[in-house]
Amino acid sequence: MIKVKEEFSTHSKEYGNHNIIQQIIAKALVREMMATPKRILELGCGSGQIYNNINFPIEYYKAVDFSQAMCDLHPNGENIDVCCFDFDSDEFFESLQNDSYDMVLSSSAMQWSKDLLKLVSFLLSISKEINATLFTSNTFKSIFEITKQKSPILTKEDIISAFEKNAKCKFEIYDYKLEFENKKQLFDYIKKSGVRGGLAPLSFKESKKLYLEYPYNYLEFEVIFVKTISKS
């Protein structure tokens, strides 16, 4: 069953922090966890948005990100292993094939997988459970409508299908709206955030058209929360 909720968020004092949506989602993902796993694998760890919200003891934490710069910012420790991998790569699969985890966590990352069905299947072969959040193709929906571009992010239907073919799951869909005081702040956010939605570079004419025609003081984000309940 899918629950659809709307959350309206204004963060006027935090525009310097251009990953505010990712932080909100990571915090919500940890808050809604029903278990306290001892061994955790995280995909798309960034600088530690998920890890920094965990407040229970962990025996082992493996954090993976394709960006070495992000890996370098992630918290370190005796029980933390931070690795730089593309989670679609053969090297990633080979490095973890003999591992075992209580839970896989991922926030704002798995929507970029080139083969989500394969990735989910593999993760469930080494872990008891997946808790994840993924942006959907409805993120920046109005911008794509104006520019006539197609979002490279998976649709919520494709995401649900990839998970349901591997496990019984619980899904919740949230619509976030991040408000801005003016259009300059709004478009600066698009440039500097990690949620560009794969926007292709626009010409000066196209950029001007978008700036003039975009009708809202907010950006739209659609996020799907996924929790696997039992494996297929």
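Nothing in this text is a laboratory measurement; each read-out follows from the coordinates by a stated rule. Computed from a predicted structure; not experimentally measured. Note that each Cβ is placed from the backbone with ideal geometry, even for glycine, and that neighbours are counted across all protein chains shown.
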Under 21 Å Cα to Cα from Lys227, which lysines show up? Leave out anything in the same chain fewer than 8 places away. Lys3, Lys5, Lys27, Lys38, Lys62, Lys114, Lys118, Lys128, Lys156, Lys165, Lys168, Lys170
Pull up the cross-link candidates among the lysines for Lys209, meaning alpha carbon to alpha carbon under 27 Å and not fewer than 8 places away within one chain. Lys141, Lys148, Lys150, Lys177, Lys183, Lys184, Lys191, Lys192
From the phi angles alone, apply the Karplus equation (6.51, -1.76, 1.60; θ = phi - 60°) to the range 165-170 and give each ³J(HN,Hα) in whole Hz, x where the residue is Gly or Pro. 6, 10, 6, 7, 9, 10
Whats the longest run of the chain with zero trypsin sites (Lys or Arg not before Pro) that are DSSP loop and have at most 15 other Cβ atoms within 10 Å? 39-113
Report, in degrees rounded to the nearest 10, the 0 to 90 angle that the Cα long axis of helix 183-192 makes with the longest principal axis of the chain. 30
Quick one: 3J(HN,Hα) in Hz for the range 131-141, Karplus 6.51/-1.76/1.60 with θ = phi - 60°, rounded, Gly and Pro as x. 10, 8, 10, 9, 5, 10, 5, 7, 5, 6, 3
Degrees separating the helix 204-213 axis from the principal Cα axis of the chain, which is the longest one: 80
Cα principal axis extents for the range 40-117, largest first, Å: 32, 26, 18
Could you tell me the relative contact order of the chain? Use alpha-carbon pairs under 8 Å, at least six residues apart, and round to a whole percent. 25
Taking the 0 to 90 degree range and rounding to the nearest ten, how far is the long axis of helix 116-126 tilted relative to the main principal axis of the chain, both from C-alpha atoms? 30
